[in-house]
There are 2 protein chains.
Amino acid sequence: MTDEEKFVGTTIAAWKQAVARLDQLTSKLSDTQLQAEVSPGRNRVYYLIGHLTVVHDRLFPMLAVGERLHPELDEQFVNKPDRKSGDTMSASDLRKAFNEVNSKLTAAFEALPTGDWLKKHAAVSDEDFLKEPLRNRLAVLQSRTGHAMFHAGQIRLMQ
Amino acid sequence: MTDEEKFVGTTIAAWKQAVARLDQLTSKLSDTQLQAEVSPGRNRVYYLIGHLTVVHDRLFPMLAVGERLHPELDEQFVNKPDRKSGDTMSASDLRKAFNEVNSKLTAAFEALPTGDWLKKHAAVSDEDFLKEPLRNRLAVLQSRTGHAMFHAGQIRLMQ
């Protein structure tokens with residue numbers, strides 16, 4: 001294993017741990033429990049799973065590793081806050097979509113050549129990237145891992 | 001900037017963002033508000049700040065980058081759950097301790113030679129590290145960044 005493979009492997013391992021934590025927390029909750037708010041007046045767990053599904057799904061084009069799987073979820077789970085539109089997907093189908101996005105993303109991450117992780121992502125211009133080389137794909141993956149843990153901490157309050 | 005410096009720089013940047021997020025969330029709360037629970041029956045924000053201070057303080061010996069600054073906080077904030085011992089530090093002093101630990105840690109991370117991040121940390125044996133090279137210092141930093149974001153998500157519920 002080269003040093004570069006170790007750097008990338010460590011970061012992908014942290015992503016997998018965050019996804020595993022979310023799986024562990026949400027699999028303990030019934031579909032009915034997903035309808036509960038993480039704290040009074042706050043987002044439902046159901047909404048957070050949809051929100052995370054969309055944010056992760058958007059990584060396919062952003063990191064240039066594939067096509068999006070569930071763009072139909074954007075409206076309910078990112079464009080609008082919780083309970084501002086009707087629920088468009090059953091809890092069971094939402095769990096499936098979340099798992100599908102995460103597992104296909106992880107496979108794509110593991111297949112990406114090591115050196116590609118330091119290349120720019122789709123949301124930064126060539127000009128900005130020349131000045132700020134840390135705005136690379138690896139930074140996006142670390143940011144999304146942190147975002148997943150942020151919401152995992154909220155879902156944890158249900159147990 | 002070499003590729004190795006980019007890998008390490010990206011990871012330290014993610015750590016700094018997590019600490020900045022915690023600073024931003026807690027600086028909005030008064031000392032009185034820190035006494036509130038993040039959700040009914042859950043940890044107080046005050047406790048979470050103490051808990052994060054200890055977990056971060058332990059990184060000095062774990063990553064071999066310095067001596068601990070506040071071992072006296074272990075008993076209240078890690079060994080015991082919230083409200084199982086009297087508060088040993090004022091909110092104001094706790095904020096100072098948290099900031100002191102984070103800023104000295106960040107300076108130590110930035111001073112660590114790039115190649116050292118792939119070395120083993122103090123909590124893994126030589127034998128295990130030979131088999132599992134991803135149990136390196138960088139993995140610990142990413143894990144603690146995720147842990148900081150996990151609790152940031154909970155503190156976010158106070159706003």
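The values are calculated or read from the model by the stated rules, or taken from the named source; none is laboratory data. Just so it is clear, the model here is predicted, and its values are computed rather than measured. As a convention, Cβ positions derive from the backbone with ideal geometry for all residues, glycine included, and neighbour counts pool all protein chains shown. Heavy atoms of the whole protein, side chains included, go into the accessibility calculation; ligands, DNA and RNA do not. Shrake-Rupley method; radii C 1.70, N 1.55, O 1.52, S 1.80 Å.
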Taking A:Leu138, is it more than 17 Å from the chain's Cα centre (by Cα), surrounded by 17 or more Cβ atoms within 10 Å (Cβ to Cβ) and modelled with pLDDT of 95 or more? no
If A:Lys16 satisfies every condition in (1) open to solvent by 30 Å² or more (accessible area, probe 1.4 Å); (2) part of a loop (DSSP other than H, G, I, E, B) but one, which is the exception? (2)
Condition set within 13 Å of chain B (Cβ to nearest Cβ) and open to solvent by less than 10 Å² (accessible area, probe 1.4 Å), scope the range A:40-73, selection farthest from the chain's Cα centre (by Cα): answer is A:Val45
Can you pull out the residues in the range B:83-98 that are surrounded by fewer than 17 Cβ atoms within 10 Å (Cβ to Cβ) and within 21 Å of B:Ala152 (Cβ to Cβ)? B:Ser92, B:Lys96
Subset of the range B:1-13, residues more than 11 Å from A:Leu138 (Cβ to Cβ), in a helix (DSSP H, G or I) and facing another protein chain (nearest Cβ under 7 Å), comes to B:Glu4
Under 9 Å by Cβ, and 6 or more places apart or on different chains, what pairs join a residue from the range B:109-131 that is at negative phi and among the polar types (S, T, N, Q) with one that is at pLDDT below 95 and surrounded by fewer than 11 Cβ atoms within 10 Å (Cβ to Cβ)? B:Thr114/B:Thr2
Condition check: more than 25 Å from A:Ala139 (Cα to Cα), of a type in the set (S, T, N, Q) and buried (at least 17 other Cβ atoms within 10 Å of the Cβ). Does A:Gln76 satisfy that? yes
Would you call B:Ala107 more than 14 Å from chain A (Cβ to nearest Cβ) and open to solvent by less than 70 Å² (accessible area, probe 1.4 Å)? yes
Within the set of pairs 6 or more residues apart or between chains, which connect a residue that is within 12 Å of B:Leu52 (Cβ to Cβ) and open to solvent by 40 Å² or more (accessible area, probe 1.4 Å) inside the range B:19-36 to a residue that is in a helix (DSSP H, G or I) and of a type in the set (A, V, I, L, M, F, W, C) with Cβ atoms less than 8 Å apart? B:Arg21/B:Ala148; B:Arg21/B:Met149; B:Arg21/B:Ala152
